Amino acid sequence: MPVPAKVTLANSHYSINKDFTVELQGSSTIRLQKAATRFVARLRGRTGISFSQDFIKGNGMPSPNGLLVKVEKEGTLALNMDESYTLQVTDEKILLEASTDIGALRGLETLLQLVEVGKEGFYLPTAKIEDQPRFPWRGLMLDVSRHFLPLEVVKRNIAAMAAVKMNVFHWHLTDDHGIRVESKVYPQLHEKASDGMYYTQEQIKEVIAFAAERGIRVVPEFDLPGHATAWCVAFPELASAPYQYMADAILDEKGMMDLNVKTAPYHIERNAGIFDATLDPTNEKTYEVVGNFLNEMAALFPDVYMHIGGDENEGKQWDANPEIQAFMKEHNIADNHMLQNHFNKRVLKMMEANGKRMVGWDEILVDGLPKNAVIQSWRGKESLAQAAKDGYQVMLSNGYYIDLMHPAEHHYLQDPLPDNHDLTEQQAKNVLGGEATMWSELVTPETVDSRIWPRTAAIAERLWSPAEVKDVEDMYRRLSVINWQLEELGLQHLTYQEKLFRNLARGYDIEPLKVLARVAVPLRFYNRNSMGWMYTTYGSSYRQFVDALGPDARDARDFNEWVEAYLDGGDLSKEQAIADLLAQWQGNHIAIQQLINKSPALEDIENLSYRLSEAARVTLEALQLQEQPSYEWYRERLDIIDQARFDGPTTKEFLKVEKQSLAKGGSRATLPVVTAMERILKVKAGQLMAYRTRKDITVDGVLEEWKEADWQVFTNGAQYTGGWYKADSAWYALRWDKQHLYLAFKVKDSDVTAVQQERDGAKLWEDDGIEVLFDPLHHRSAEWQEDDIAYHVSAANIIMDEKGMKGEQYDASWTGNAITAVKVKGTLNEEKSADWGYTVEMAVSWDELGVKPKKDTALGMTLCVNDKNSVTETYEYFDYMHLKVFHAPHRFATLRLSTASEEKTDQKTQ
């Protein structure tokens, strides 16, 4: 991992024994000698075999049956460095050939990953490998400003980068929270704005040399002109406002926020967030200080690229400064974007004078920016593609934000050049690659490794391996191996968990915590710190249960895979394994409670553990059902499972508690097995209820008559994050009278699209919309029957009907008589539109369904929403049963008709 470009395996092996040796021929550089020596040491650690070699100098007599490394020349650490190699393993010897020593380093890492063990000992499979990277820029960005990370943390992560063939270490050294590099020209920068936590220039050189030995470039980032609070602490005269704005959050008697805004001298920030401090681009002293500092840094950092940040400058201080506004008017500068461009172009000239090229986040891309600037896209692939079309070199970080705690699969499926890109061959060459980004608001030196690894290895593969390598399950299989192999480099991503658990449990048995940790993950995005000031640089605890969790919970992944195989693939052998995990989770809560009684520091997880236990209990009941239960039984258990989705206060609850107690808002973890549990319940007992109505319903999409309806919700489980339903969710309500079944939908959708084509027109499937499927005779079959009916209602208010099968095809000649209306809340097909979603109202006649309505009438039915999958960027149907369908549902729920008066809207769902 990464998968090589080309691999040919043979049916034999090379045995590794104590006589194994490594010889170097050709250009035996110091870098290669050190790498070969490390290789032998790591091989010794993996096998336990004591090899005779110590430090390997090379150019001696090659062993007839060892490893021979042949290199033509010393590689240059630069963009487009030659990293290719060929590796041939026979049953007698190994040959590694590369044009440069850097390519040989990459081949040595591949060779280490080939080591296997069998009955006769350790061996290498015989193979021929020809390998080179797909992209020349494969980086990791490490933020050391928000939380300073000691030198040993930096170095061990660089060593791990080399193990998965990454080649750019992007060092984010300045931000609002501190300047982390020594400046001999302006010592007040690190003396006043670092809390004494910074790297000396000698330490910087040490890191650069350490990285160079592993074929890794070091690109520093000095964030300008925004994110400048620390700069303003050292040089307040460079600020765009004379004082730093401060806001103390106070809750009034109604539980609402009241911001008491005041000003104070500049001090480095302690909280997470985006701040107003910005350098003054109209002040010549700004360019003097920035220029002298960049001159100093250019001499310190040898790489030709230097990052200036340039992100998240909201221009508030510029807008409020009359002198800056006058400057803009005098120089015909239209807006803040162009003012920042004015600043960037002056800084670019300073960098060019030092032989450097500017890199910046995609906010720097405005009209007039010189083409030799490199754009790093964090806001979206669209801006990356447009910049490449405009002739800029670009790299992707959108989708690689590893601090957001997405699972490895999410990052693995992001590609700087996706299959559907429309770039020309020349434009595609402008896409340099990408970078994983580790922002450090919520990490410490102990936990940061676990937030980077092993997921960054999946990103490394995406950037190195051929585009067609994208098998997620195989990626996870190999990632589990790389996970423990990386530990030999000094990473603490595996050992930190038990250490933290022992501390929290005060030395008592931590097995119950490990059981819970294998099924729980941290809240994604920034929901854990959604109010910003809850976590501070020094005052917050980062030694909680959630800090020991990774985004890929092992048992959760297994459970979800087993449920998919059981429900979708009919693999009955998985039923017992599913039941065993459910029973374990149900019973684990008693042990957690006993542990909490001994260690109050674990109180935050009690609710998480209880909700998992209850959800497991009712799912196990559903799994063992022999006959369909009552609707009330089903709804009660559906609510219990739904309550397990989120552990912690909702937004409204945040406003009801005092500021100092906000940190006690639950474990800030979530359970990624809830959707699979819900699927089991719905497949075994799924039921929809339509209430009798005596009101006249006008089908106009406005939903005026549905205010008191019993609204329920279904959503794509992959979109459920942090306790709030995101896009891809549909609220629905059902009613009936003697003539019609009425359906109402309120769909949340942040990117509504509708192409308004005919039935078989191009890309009609990309219409967002609703699909309702009926099994009137209630066969409860996974196959379509002749009486089955599908209604498709697009956001363009097109209704399409199909009925049953006609030979091998769906019978599209049938035209139904359903009445439908759609009201779109957002603007279709505009990238910058603020889409909310849309509403749908339908009336389906009972005559058309062939059903006579009466009390307790039951028929098969399921509901689907068609929307874009934000991970795969494809349009898919996500149905009420949480099964991906397209005209062929795997299961129907049971629709029941009730003559009871309609229930009031549940406050929770409202």
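What ranking of Trp439, Trp231 emerges when the number of other C-beta atoms within 10 Å of each C-beta is taken as an exposure proxy, fewest first?
Starting with the residue having the fewest Cβ neighbours, the order is Trp439, Trp231.
Sequence neighbours fewer than 8 away in the same chain don't count; with that in mind, list the aspartates and glutamates whose C-alpha is under 17 Å from Lys514.
Qualifying aspartates and glutamates at Cα under 17 Å: Glu498, Asp547, Asp552, Asp555, Asp558, Asp580, Glu603, Asp604, Glu606.
What net charge do the residues around Gly360 carry, taking every other residue with its C-beta under 11 Å from that of Gly360, with Lys and Arg at +1 and Asp and Glu at -1? The partial results should precede the final answer.
Working: positive: Arg357; negative: Glu221, Asp223, Asp311, Asp362, Glu363.
Net charge in that neighbourhood comes out at -4.
In nm, to one decimal, how far is the Glu312 label point from the Ala428 one, both placed 7 Å along Cα→Cβ?
3.5 nm
Which pairs in the list Lys262/Lys748; Lys205/Lys262; Lys128/Lys429; Lys316/Lys707 are over 31 Å apart, alpha-carbon to alpha-carbon? List each step's numbers first, then the result.
Details: Lys262/Lys748 38 Å; Lys205/Lys262 42 Å; Lys128/Lys429 28 Å; Lys316/Lys707 41 Å.
Checking Cα-Cα distances, Lys262/Lys748; Lys205/Lys262; Lys316/Lys707 exceed 31 Å.
State whether the stretch 342-450 is rounded, prolate or oblate according to the following rule on the C-alpha gyration tensor (a ≥ b ≥ c being the square roots of its eigenvalues): a/c under 1.5 gives rounded; otherwise a/b larger than b/c gives prolate, and the remaining case gives oblate.
On the way: a/c = 2.55, a/b = 1.28, b/c = 1.99.
Judged from the Cα gyration tensor, the stretch 342-450 comes out oblate (a/c at least 1.5, b/c at or above a/b).
What does the charge count around Glu441 come to, taking other residues whose C-beta lies under 10 Å from its C-beta (Lys +1, Arg +1, Asp -1, Glu -1)?
Values: positive: Arg146, Arg528; negative: Asp143, Asp403.
For residues surrounding Glu441, the net value is 0.
Tell me, Kirkwood radius of the stretch 289-371 from alpha-carbon pair distances, in Å? Before the final figure, lay out each step's value.
On the way: mean 1/r = 0.0725 Å⁻¹.
For the stretch 289-371, the Kirkwood estimate is 13.8 Å.
Can you tally the net charge around Asp787? Count Lys and Arg as +1, Asp and Glu as -1, for every other residue whose Cβ sits under 10 Å from the Cβ of Asp787.
Details: positive: Lys803; negative: Asp775, Glu786, Asp788.
After counting each charged neighbour, the total is -2.
Could you point to the residue in Asn344, Ala160, Gly66 farthest towards the positive end of the chain's charge dipole, with +1 and -1 charges on the Cβ of Lys/Arg and Asp/Glu respectively?
It is Gly66.
So for the chain, taking the charge dipole from beta-carbon charges (+1 Lys/Arg, -1 Asp/Glu), which of Met395, Leu863, Met306 sits furthest toward the positive end?
The listed residue farthest towards the positive side: Met306.
What distance in nm lies between label points placed 7 Å from Cα along the C-beta direction at Glu511 and Ser813?
6.7 nm
In degrees from 0 to 90, rounded to the nearest 10, what is the angle of the helix 151-163 Cα long axis to the longest principal axis of the chain?
70 degrees
When the label point is put 7 Å from the Cα of Ala247 along its Cα-to-beta-carbon vector, which residues of the stretch 295-334 have a backbone N closer than 19 Å?
Backbone N within reach: 312-321.
Report the charge-dipole magnitude of the chain in Debye, nearest 20, computed about the Cα centre from +1 at each Lys and Arg Cβ and -1 at each Asp and Glu Cβ.
Values: 100 positive and 136 negative charges, 407 e Å.
Here the chain has a charge dipole of around 1960 debye.
Test of understanding: ordering Leu77, Leu681 by Cβ neighbours within 10 Å, fewest first, what list do you get?
So the residues, fewest neighbours to most, are Leu77, Leu681.
Go ahead and estimate [θ] at 222 nm for the chain from helices alone: -39,500 (n - 2.57) per DSSP H run with n ≥ 4, summed, over the residue count, rounded to 500. Intermediate results must be reported in sequence, preceding the final value.
On the way: 25 runs with 270 residues, N = 910.
It comes out at -9000 deg cm²/dmol, rounded to the nearest 500.
Mind listing which GluC sites (Glu not before Pro) in the stretch 74-136 are in a DSSP loop and have 10 or fewer other Cβ atoms within 10 Å? Don't skip to the end; give the middle numbers.
Values: sites: Glu74, Glu83, Glu92, Glu97, Glu109, Glu116, Glu120, Glu130; in loops: Glu74, Glu83, Glu92, Glu120.
Here the GluC sites (Glu not before Pro) that fit, given the DSSP loop and packing criteria, are Glu120.
Based on alpha-carbon centroids, what's the gap between the stretch 78-105 and the stretch 201-232 in Å, whole number please?
For the stretch 78-105 versus the stretch 201-232, the Cα centre distance is 29 Å.
Under the classification rounded if a/c is under 1.5, otherwise prolate if a/b is larger than b/c and oblate if not, where does the chain fall, given a ≥ b ≥ c as square roots of the Cα gyration tensor eigenvalues? Let's see the in-between values first.
On the way: a/c = 1.74, a/b = 1.36, b/c = 1.27.
Here the chain falls in the prolate category.
Can you sort Glu152, Glu575 by how many other beta carbons sit within 10 Å, fewest first? Intermediate results must be reported in sequence, preceding the final value.
Details: Glu152 10, Glu575 15.
Exposure proxy ranking, most exposed first: Glu152, Glu575.
Which whole-number percent gives the relative contact order of the chain, counting Cα pairs below 8 Å spaced six or more residues apart?
Working: 1860 pairs, mean separation 74.9, N = 910.
Answer for the chain is 8 percent.
Going by a ≥ b ≥ c, the root eigenvalues of the Cα gyration tensor, does the stretch 106-169 fall in the rounded group (a/c under 1.5), the prolate group (a/b larger than b/c) or the oblate group?
On the way: a/c = 5.04, a/b = 1.83, b/c = 2.75.
Note, shape of the stretch 106-169 comes out oblate.
What is the angle, in °, between the Cα long axis of helix 284-300 and the longest principal axis of the Cα atoms in the chain? Nearest 10 is fine, range 0 to 90.
It is inclined by approximately 70 degrees.
Compute the separation of the alpha-carbon centres of the stretch 291-329 and the stretch 471-495 and state it in Å as a whole number.
Result: 39 Å between the Cα centres.
Would you mind checking the tilt of helix 336-353 against the longest principal axis of the Cα atoms of the chain, expressed as 0 to 90 degrees and rounded to 10?
30 degrees
Using +1 at the Cβ of each Lys and Arg and -1 at the Cβ of each Asp and Glu in the stretch 210-362, identify which of Thr282, Val233, Phe222 lies farthest towards the dipole's positive end.
Working it through, the farthest residue towards the positive pole turns out to be Phe222.
Bear in mind these aren't lab numbers, they're just calculated from the coordinates by the rules spelled out. Keep in mind it's a predicted model, so treat the numbers as computed, not measured. Methodologically, a virtual Cβ is constructed for each residue, glycine included, from the backbone with ideal geometry; neighbour enumeration extends over all protein chains shown.
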